[in-house]
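Engineer: To start, I am sharing the structure in question, which I have written as structure tokens.
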Amino acid sequence: MFELVLLVPEAAVEPVSDALDALDALSTSVEDADALTPAEQALFGEPGMPPPKEGWQRSRVVALFPAEAAARDAADLLTAQDFFEGCEVLGVQAVPEQDWVRLTQSQFAPVEITPSFWIVPSWHEPPPAAQQVIRLDPGLAFGTGTHPTTRMCLRWTASHPVAGQRVLDYGCGSGILAIGAAKFGASEIVAVDIDPAAVESTRLNAAANHVALQTGLPELASGVFDLVLANILATPLKVLAPLLCAHVGRGGHLVMAGILARQADELREAYAPWLALEVSDEEDGWILMTAARA
């Protein structure tokens, strides 16, 4: 493998990336060329905030090719294009051979939810203290246990009696919250998502963990539940307020995450006509909000 390294101004990143794709680059990555210098630019995107800039003033674009000749031919073709004005070829270099599977796996270690409850990738042995384990590998759908929002939802489930309950996981992603509820004895679990890839991911992860649940698109969710879990983001959670609250049965709980601490008041206001939300947990600037129906 060989990589072609380019220095590209912001306005040219998109046409250069499109051209590399057309030139059969195996992959293309874009990063701040001024990273770790005083000129470094931070690009942020948060729910409810204006969208971030699409790129840096100067980007380092790295394209991977199967052979050196292909990388050098791509460089020659790019330099002949009008849109390449202001860009620079920094070089072509060999990529060291690595065990990419092992390298990827090394980045995902077991995640502690509680001292006795862990998320463990399939290539790891569970820690000795683990009494309850969810087996989960990184995939296309959100939810591996590494994000604070996922951990807070799972901690709530682990510390409250869910045995025998009917549970809804709305926006299930990988299905990790639904699987967690099953591990702690929920009797009926419905996991729904608008993304068919998430539905399939949930189905496969449930099978890998030997738990039974129903999974499908949102219309699968019907009736009321003892526990409604929703780890999404603040803006869709506000829109979904009447729907989610309607699914919470008498004596039931609503548990929501994907909310920044500064968004607590707007979520309380959005849900006030139906349920009184309170902050139940907080981690790294994210909060868990819960409510109970009398």
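Engineer: Taking the range 219-234 on its own, how many of its residues are farther than 21 Å from residue 270 by Cα and either surrounded by fewer than 19 Cβ atoms within 10 Å (Cβ to Cβ) or not assigned by TED's automatic domain parsing to the domain that holds residue 167 (or both)?
Structural biologist: Selection size over the range 219-234: 4.
Engineer: Go through the range 165-190 and give me each residue that's open to solvent by 30 Å² or more (accessible area, probe 1.4 Å) and either small (Gly, Ala, Ser) or not in a helix (DSSP H, G or I) (or both).
Structural biologist: 165, 166, 184, 185, 187, 188
Engineer: Is it true that some residue in the range 272-284 is β-branched (Val, Ile, Thr) and surrounded by fewer than 20 Cβ atoms within 10 Å (Cβ to Cβ)?
Structural biologist: Looking only at the range 272-284, we keep the residues that are β-branched (Val, Ile, Thr), and these are 279.
Right, trim to surrounded by fewer than 20 Cβ atoms within 10 Å (Cβ to Cβ) and you get 279.
Yes, because at least one residue in the range 272-284 is β-branched (Val, Ile, Thr) and surrounded by fewer than 20 Cβ atoms within 10 Å (Cβ to Cβ).
Engineer: Being at pLDDT below 95 and among the polar types (S, T, N, Q): is that true of residue 27 here? Steps first, please.
Structural biologist: Details: at pLDDT below 95: yes; among the polar types (S, T, N, Q): yes.
For residue 27, the condition - at pLDDT below 95 and among the polar types (S, T, N, Q) - is met.
Engineer: Let me ask something else. Please verify whether the range 191-209 includes one or more residues that are more than 19 Å from the chain's Cα centre (by Cα), free of Cβ contacts under 8 Å to residues at least 24 places away in the same chain and part of a loop (DSSP other than H, G, I, E, B). Spell out how you get there, then give the answer.
Structural biologist: We begin by selecting, within the range 191-209, every residue more than 19 Å from the chain's Cα centre (by Cα); these are 207-209.
Within this subset, residues satisfying the condition of being free of Cβ contacts under 8 Å to residues at least 24 places away in the same chain are 207.
Those left that are additionally part of a loop (DSSP other than H, G, I, E, B): none.
Within the range 191-209, none of the residues are more than 19 Å from the chain's Cα centre (by Cα), free of Cβ contacts under 8 Å to residues at least 24 places away in the same chain and part of a loop (DSSP other than H, G, I, E, B).
Engineer: Which residues, taken from the range 214-232, are within 25 Å of residue 259 (Cβ to Cβ) and in a loop (DSSP other than H, G, I, E, B)?
Structural biologist: 217, 221, 224, 232
Engineer: Any idea which of 237, 254, 213 is open to solvent by less than 30 Å² (accessible area, probe 1.4 Å) and under 18 Å from residue 162 (Cα atoms)? Step through it out loud before you land on a result.
Structural biologist: Details: 237 fails: under 18 Å from residue 162 (Cα atoms); 213 fails: open to solvent by less than 30 Å² (accessible area, probe 1.4 Å).
Residue meeting the stated conditions: 254.
The values are calculated or read from the model by the stated rules, or taken from the named source; none is laboratory data. From a predicted model like this one, the values you see are computed outputs, not experimental measurements. Cβ coordinates were reconstructed from backbone atoms using ideal geometry, including for glycine residues, and neighbour counts include every protein chain displayed. Accessible surface areas use protein heavy atoms only, side chains included; no ligands, DNA or RNA. Shrake-Rupley method; radii C 1.70, N 1.55, O 1.52, S 1.80 Å.
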